[in-house]
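Structure first, commentary second.
The values are calculated or read from the model by the stated rules, or taken from the named source; none is laboratory data. Bear in mind that the values here come from a model prediction, so they are computed numbers and not experimental data. Glycine also receives a Cβ, built like all others from the backbone with ideal geometry; neighbour counts cover every protein chain displayed.
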Amino acid sequence: MKLLKLVPADTNIQFINKRLIAFVFSGFLVLGSIGLFLGQGLNLGIDFLGGILIEARTDGPADIGQLRSDLGGLGLGEISLQEFGSPVDVLIRIQKQEGGEAAQTAAIEAVKAELGKRIVEYRRTEFVGPTVGAELREAAIYAVVSAILAMLLYIWFRFEWQFGLGAVLALGHDVITTIGLFALFQLEFNLATVAAILTIAGYSINDTVVVYDRVRENMRRYKTMPYETLFNNAINQTLSRTVVTSVTTLLALLALYAFGGEVIRGLSIALIWGVLIGTYSSISLAVPFLLYVRPDRGDISAAGGNATEAAE
């Protein structure tokens, strides 16, 4: 069992004393993410932009330049091609055609006729209209904002308002930096990515609640201990659980990234980043933030179970 204990029981890392370094680093990440989002923007997938998407497998390594030249003469407007996971897999994106469903079907058939025998398999063909894409964008924003507000209310009810603000600070940090990651590397941002962001929010808040529960327990137990010492002890006492949870989750996600294929690679990357940044924010942002809002020890209720002890 000692081999499985990744963090020694007597660990005493001074997280609180290094809080300014963490705040500056996080500020850099957030501002950089916002700058990338406003400057480069997101590589929105067909879910949000609308249009035609075709995933095809060629009979040998795909000549993207030749394929692009062949399809450029069809008069279908903007067409983009890229390798999709392996040299023989190609992802073709075509802008929405003027007209209804018949026009989209005709465009798909024209592409298939032009590519001819060079394609051995059409693995996926999708069409999303611009109206549906706009509705999906609105629904995605609504889902993320609603989830964050609901978590704020839960933490406020479960603890005190100061804890709720700290949890939302960490959540907002995780969501913004995840969006910045997708803007930086121009990874496809689609509905699967939105699902990943919501999953990241859930993971982060779970981690934060565990640490906060130990903070609350220590505040009830040690009425005169300085806040800095109390918060630092709470982080170190839950560090073993936090690290073990993160490592085991990352093992599964790394396997998903390596063997899951190109279709879910963006989802895998988002979740891997979310576990890392969610663990960091729970330790380095959510708890140190409490120093600046100073929850009153007299307001800490004895109601509710101890999530930390249950988790361990």
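So which residues in the stretch 244-276 are farther than 30 Å from residue 88 by Cβ, among the hydrophobic types (A, V, I, L, M, F, W, C) and in contact with a helix residue (DSSP H, G or I) (Cβ under 8 Å, 6 or more places away or on another chain)?
Once the filter is applied, which keeps residues that are farther than 30 Å from residue 88 by Cβ, among the hydrophobic types (A, V, I, L, M, F, W, C) and in contact with a helix residue (DSSP H, G or I) (Cβ under 8 Å, 6 or more places away or on another chain), the stretch 244-276 yields 244, 250, 275, 276.
Answer yes or no: is there a residue in the stretch 2-24 that is among the aromatic types (Phe, Trp, Tyr), modelled with pLDDT of 80 or more and assigned to a loop (DSSP other than H, G, I, E, B).
Yes; the residues of the stretch 2-24 include at least one that is among the aromatic types (Phe, Trp, Tyr), modelled with pLDDT of 80 or more and assigned to a loop (DSSP other than H, G, I, E, B).
One residue is enough: does the stretch 169-180 have a residue meeting the conditions of a type in the set (Ser, Thr, Tyr) and without any contact (Cβ under 8 Å) to a residue 60 or more places away in the chain?
No, the conditions are met nowhere in the stretch 169-180.
Going by the conditions given, is residue 264 part of a helix (DSSP H, G or I), at pLDDT below 90 and under 14 Å from residue 163 (Cβ atoms)?
Taking the combined requirement at face value, the residue does not satisfy it.
Residues that are surrounded by 13 or more Cβ atoms within 10 Å (Cβ to Cβ), outside the structural domain of residue 59 (by TED's automatic domain parsing) and assigned to a loop (DSSP other than H, G, I, E, B): does the stretch 150-159 have at least one?
Yes, some residue in the stretch 150-159 is surrounded by 13 or more Cβ atoms within 10 Å (Cβ to Cβ), outside the structural domain of residue 59 (by TED's automatic domain parsing) and assigned to a loop (DSSP other than H, G, I, E, B).
Give the residues of the stretch 96-131 that are surrounded by 14 or more Cβ atoms within 10 Å (Cβ to Cβ), within 22 Å of residue 262 (Cβ to Cβ) and not charged (D, E, K, R), sorted by residue number.
If the condition is that a residue be surrounded by 14 or more Cβ atoms within 10 Å (Cβ to Cβ), within 22 Å of residue 262 (Cβ to Cβ) and not charged (D, E, K, R), then 108, 111, 115, 119, 122, 125, 127, 128 are the ones that fit.
Which members of the stretch 132-152 meet the condition of being closer than 27 Å to residue 276 by Cβ and either more than 21 Å from the chain's Cα centre (by Cα) or of a type in the set (Val, Ile, Thr) (or both)?
Residues satisfying the conditions are 141, 144, 145, 148.
Criterion first (touching an Asp or Glu at 6+ places or on another chain (Cβ under 8 Å), surrounded by 15 or more Cβ atoms within 10 Å (Cβ to Cβ) and among the basic types (Lys, Arg)) does residue 19 satisfy it?
For residue 19, the condition - touching an Asp or Glu at 6+ places or on another chain (Cβ under 8 Å), surrounded by 15 or more Cβ atoms within 10 Å (Cβ to Cβ) and among the basic types (Lys, Arg) - is not met.
Might you check whether a residue that is touching an Asp or Glu at 6+ places or on another chain (Cβ under 7 Å) and assigned to a helix (DSSP H, G or I) occurs anywhere in the stretch 233-252?
For the stretch 233-252, residues touching an Asp or Glu at 6+ places or on another chain (Cβ under 7 Å) and assigned to a helix (DSSP H, G or I): present.
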